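> Questions regarding the structure given below will be posed in turn.
No value in this document is a laboratory result; all are computed from the given coordinates. On a predicted model such as this, the values are computed, not experimentally measured, just so you know. Here the Cβ positions follow ideal geometry from the backbone for every residue, glycine too, while neighbour counts run over all protein chains shown.
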Amino acid sequence: MFISGFTIARNVVKADYPIREAIYSILPLCDEIIVAIGKSEDDTLAYIKSFNEPKIKIIETIWDDNLREGGKVLALETDKAKFAINPKADWCLYIQADECLDDRSIAGLKLQLEKYKDNEKVEGLLFDYIHFFGSYNYVGDSRNWYRHEIRVVKNWPSITSYKDAQGFRIEGRKLKVKKANATIFHYGWVKNPAIQLEKLKQARKLWHSDEFIEKEYQNMQAFDFSQVDSLKAYNGHHPDVMKERITAQNWDFSYNTRRKNMTFKKRVLYAIEQLTGIRLGEYKNYDMQ
């Protein structure tokens, strides 16, 4: 069995993405990892080259900065990375620059990949998600955070990235998936508040004009983490690759987890989900098998 990892990167140093941790979290599973690096305003290319990891294969790309429709450029760049994967690969394991695979998932995930490798009715695997916010001690628990997403797909040319690289489609339809016994930790909202603002401005340029961004954030010096709708405390496991970054946290963030900044309707839906585990009306970017 041959497994190829793939990801995209641009200006990740400037916005302090944990891309090194992301790549190393999937390295034990992968025979190669394709990193599509867009032309950057920082040292992203040199930084990733400095990993000096033989499994990493870099392709250099140019992002279309005029394409600001729903973050579509992210999907286009993701496809560039996917299509650079070795043709002999059985599986493609996607990781975004602010995600890490739970290291406790690796052994079980490898068994699943072996099990479904030749099963054409299984086109991908669906991962559980934990979304950290503000610090490594809080996670989002409202409906604004997706609970599952596809991160492993078969190495078929017909499978392409969807919308803003949230998931995948095969010739326009949802993929048929099995649930992976694996979790992805999402750290995209855990940064020094000043850097979080820079990262947000950088990301929103994939949806909005420069003029909109300048007007929207002209009076902000740092991101205000307190405006989130709902968080819960977290004191559980983090992947080993994240330990150094977590220890180096250089800002303080605390939150009253009893505070719920929600409309009445969302409070009711939140309460139902907390009691039953069911998310009514949940968007599902996949077809479970």
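> Starting from residues that are in contact (Cβ under 8 Å) with a residue 12 or more places away in the chain and of a type in the set (A, V, I, L, M, F, W, C), keep the ones in segment 105-124 and report whichever is nearest to Tyr286 (Cα to Cα).
Val122
> Mind counting the residues in segment 150-174 that are among the small types (Gly, Ala, Ser) and on the phi > 0 side of the Ramachandran plot?
Let us first name the residues in segment 150-174 that are among the small types (Gly, Ala, Ser), namely 158, 161, 165, 167, 172.
Applying the additional criterion that residues be on the phi > 0 side of the Ramachandran plot yields 165, 172.
Final tally of qualifying residues: 2.
> Asn11: out of contact with any strand residue (DSSP E or B) (no Cβ under 9 Å at 6 or more places or on another chain) and either part of a strand (DSSP E or B) or not basic (Lys, Arg) (or both), yes or no? Spell out the reasoning first.
Details: out of contact with any strand residue (DSSP E or B) (no Cβ under 9 Å at 6 or more places or on another chain): no; either part of a strand (DSSP E or B) or not basic (Lys, Arg) (or both): yes.
Considered against the rule, which asks whether it is out of contact with any strand residue (DSSP E or B) (no Cβ under 9 Å at 6 or more places or on another chain) and either part of a strand (DSSP E or B) or not basic (Lys, Arg) (or both), Asn11 comes out as no.
> Still on this structure: Could you go through segment 4-27 and let me know if any residue there is in contact (Cβ under 8 Å) with a residue 60 or more places away in the chain, touching a Ser or Thr at 6+ places or on another chain (Cβ under 7 Å) and over 28 Å from Leu197 (Cα atoms).
The answer is no, given that none of the residues of segment 4-27 is in contact (Cβ under 8 Å) with a residue 60 or more places away in the chain, touching a Ser or Thr at 6+ places or on another chain (Cβ under 7 Å) and over 28 Å from Leu197 (Cα atoms).
> Assuming Phe168 fulfils every condition listed in (1) aromatic (Phe, Trp, Tyr); (2) farther than 30 Å from Asp118 by Cβ; (3) not in a loop (DSSP other than H, G, I, E, B) apart from one, which condition is it?
The single condition Phe168 does not satisfy is (2).
> Restricting to segment 126-161, name every residue that is closer than 14 Å to Leu175 by Cβ and touching a Ser or Thr at 6+ places or on another chain (Cβ under 9 Å).
Phe127, Asn155, Thr160, Ser161
> Which of the residues belonging to segment 201-233 are buried (at least 19 other Cβ atoms within 10 Å of the Cβ) and not in a loop (DSSP other than H, G, I, E, B)?
Once the filter is applied, which keeps residues that are buried (at least 19 other Cβ atoms within 10 Å of the Cβ) and not in a loop (DSSP other than H, G, I, E, B), segment 201-233 yields Phe225, Leu231.
> When you look at Ala97, is it touching a Lys or Arg at 6+ places or on another chain (Cβ under 8 Å), farther than 30 Å from Phe264 by Cα and in contact (Cβ under 8 Å) with a residue 60 or more places away in the chain, yes or no?
Values: touching a Lys or Arg at 6+ places or on another chain (Cβ under 8 Å): no; farther than 30 Å from Phe264 by Cα: yes; in contact (Cβ under 8 Å) with a residue 60 or more places away in the chain: yes.
Answer is no for this residue.
> Mind checking whether some residue in segment 77-91 is more than 17 Å from Val153 (Cα to Cα) and surrounded by 14 or more Cβ atoms within 10 Å (Cβ to Cβ)?
Within segment 77-91, none of the residues are more than 17 Å from Val153 (Cα to Cα) and surrounded by 14 or more Cβ atoms within 10 Å (Cβ to Cβ).
> A further question follows. Can you find even one residue in segment 248-256 that is under 30 Å from Ile23 (Cα atoms) and under 21 Å from the mean Cα position of the chain (by Cα)?
As a first pass, look at segment 248-256 and keep what is under 30 Å from Ile23 (Cα atoms): 248-254.
Then drop every residue that is not under 21 Å from the mean Cα position of the chain (by Cα), which leaves 249.
Scanning segment 248-256, I find at least one residue that is under 30 Å from Ile23 (Cα atoms) and under 21 Å from the mean Cα position of the chain (by Cα), so the answer is yes.
> In segment 234-274, what residues are assigned to a helix (DSSP H, G or I), closer than 22 Å to Ser142 by Cβ and of a type in the set (A, V, I, L, M)?
Pass one, segment 234-274, residues assigned to a helix (DSSP H, G or I): 240-247, 264-274.
Those left that are additionally closer than 22 Å to Ser142 by Cβ: 264-274.
Val268, Leu269, Ala271, Ile272, listed by residue number.
> Spot the failing condition for Lys154; the list is (1) over 24 Å from Glu282 (Cα atoms); (2) surrounded by fewer than 19 Cβ atoms within 10 Å (Cβ to Cβ); (3) of a type in the set (D, E, K, R), and only one is missed.
Among (1) over 24 Å from Glu282 (Cα atoms); (2) surrounded by fewer than 19 Cβ atoms within 10 Å (Cβ to Cβ); (3) of a type in the set (D, E, K, R), Lys154 violates only (2).
> Now a separate question. Take Asp287 and decide whether it is in contact (Cβ under 8 Å) with a residue 12 or more places away in the chain, within 22 Å of Asp164 (Cβ to Cβ), touching a Ser or Thr at 6+ places or on another chain (Cβ under 7 Å) and not basic (Lys, Arg). Give the derivation first.
Values: in contact (Cβ under 8 Å) with a residue 12 or more places away in the chain: yes; within 22 Å of Asp164 (Cβ to Cβ): yes; touching a Ser or Thr at 6+ places or on another chain (Cβ under 7 Å): no; not basic (Lys, Arg): yes.
Against the criterion (in contact (Cβ under 8 Å) with a residue 12 or more places away in the chain, within 22 Å of Asp164 (Cβ to Cβ), touching a Ser or Thr at 6+ places or on another chain (Cβ under 7 Å) and not basic (Lys, Arg)), Asp287 does not qualify.
> Could you name every one of the helices (runs of 4 or more DSSP H) located completely within segment 42-158 that has at least 3 residues being out of contact with any strand residue (DSSP E or B) (no Cβ under 8 Å at 6 or more places or on another chain)? Explain how you work it out, then say what you get.
Numbers: elements: 44-49, 72-82, 106-116.
Passing ranges, in order: 106-116.
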